[in-house]
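Each remark here refers to the structure printed beneath this line.
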Amino acid sequence: FQKSLTEIFGIDRYSRARKEVLTYMFSRPMQMALYFCTGVLEDETLFCHYALNVPFYTHFTSPIRRYADIIVHRLLSASLGARSPIKMEKEAIQKQADHCNDRKMASKRVQELSADLFFSIFVRVRP
């Protein structure tokens, strides 16, 4: 996809901006990943990763980035026996996941509104 966009937009002074705008617009409608506690969900098909086509999937990044990643690291460490289990009920873990999802969605919405604002300014200044 990226290669196709590069070929279509060439190398003039606005090609990078056009490519970034379209890439953003194509990826915007994709469903956002959500954190959840597997202990509260009965349907294991919800544990899959659609694009990777794997039945069980856990995503996390460095635990210095997001609180949700700290929880995932701790849970994975406990499940592997590298640390003692977390003393939280599954409902409490789900409550934390819901809070992290809410904050992530709010952040994404602010990012989208900011991008919309700057795009409209770009279009107005550069017809």
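Looking at (1) in a loop (DSSP other than H, G, I, E, B); (2) open to solvent by 60 Å² or more (accessible area, probe 1.4 Å); (3) among the β-branched types (Val, Ile, Thr), can you tell me which one Ile86 breaks?
(2)
Pick out the one residue from Leu22, Leu52 that is more than 14 Å from the chain's Cα centre (by Cα), under 30 Å from Glu7 (Cα atoms) and in the same structural domain as Ile8 (by the TED database).
None of the others qualify; the one that does is Leu22.
It is to be established whether one or more residues within the range 11-18 are of a type in the set (Asp, Glu) and open to solvent by 90 Å² or more (accessible area, probe 1.4 Å).
No: the range 11-18 contains no residue that is of a type in the set (Asp, Glu) and open to solvent by 90 Å² or more (accessible area, probe 1.4 Å).
Every residue, every condition in (1) of a type in the set (Lys, Arg); (2) open to solvent by 60 Å² or more (accessible area, probe 1.4 Å); (3) touching a helix residue (DSSP H, G or I) at 6+ places or on another chain (Cβ under 7 Å); (4) at pLDDT below 85, yes or no:
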{"site": "Gln2", "(1), (2), (3), (4)": "no, yes, no, yes"}
{"site": "Leu22", "(1), (2), (3), (4)": "no, no, yes, yes"}
{"site": "Glu42", "(1), (2), (3), (4)": "no, yes, no, yes"}
{"site": "Arg65", "(1), (2), (3), (4)": "yes, yes, no, yes"}
{"site": "Arg74", "(1), (2), (3), (4)": "yes, yes, no, no"}
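Testing Asn101 on (1) farther than 17 Å from Cys37 by Cα; (2) touching a residue at least 12 places away in the same chain (Cβ under 8 Å), one condition comes back false. Which one is that?
It fails just one condition, (1).
Which condition breaks for Phe56 when tested against (1) surrounded by 10 or more Cβ atoms within 10 Å (Cβ to Cβ); (2) modelled with pLDDT of 75 or more?
Of the numbered conditions (1) surrounded by 10 or more Cβ atoms within 10 Å (Cβ to Cβ); (2) modelled with pLDDT of 75 or more, the odd one out for Phe56 is (1).
The values are calculated or read from the model by the stated rules, or taken from the named source; none is laboratory data. Worth saying up front: this structure is predicted, and the values here are computed from it rather than measured. All Cβ positions, even for glycine, are placed from backbone atoms using ideal geometry, and neighbour counts span all protein chains on display. Side chains included, ligands, DNA and RNA excluded: accessible areas come from the protein's heavy atoms. Shrake-Rupley method; radii C 1.70, N 1.55, O 1.52, S 1.80 Å.
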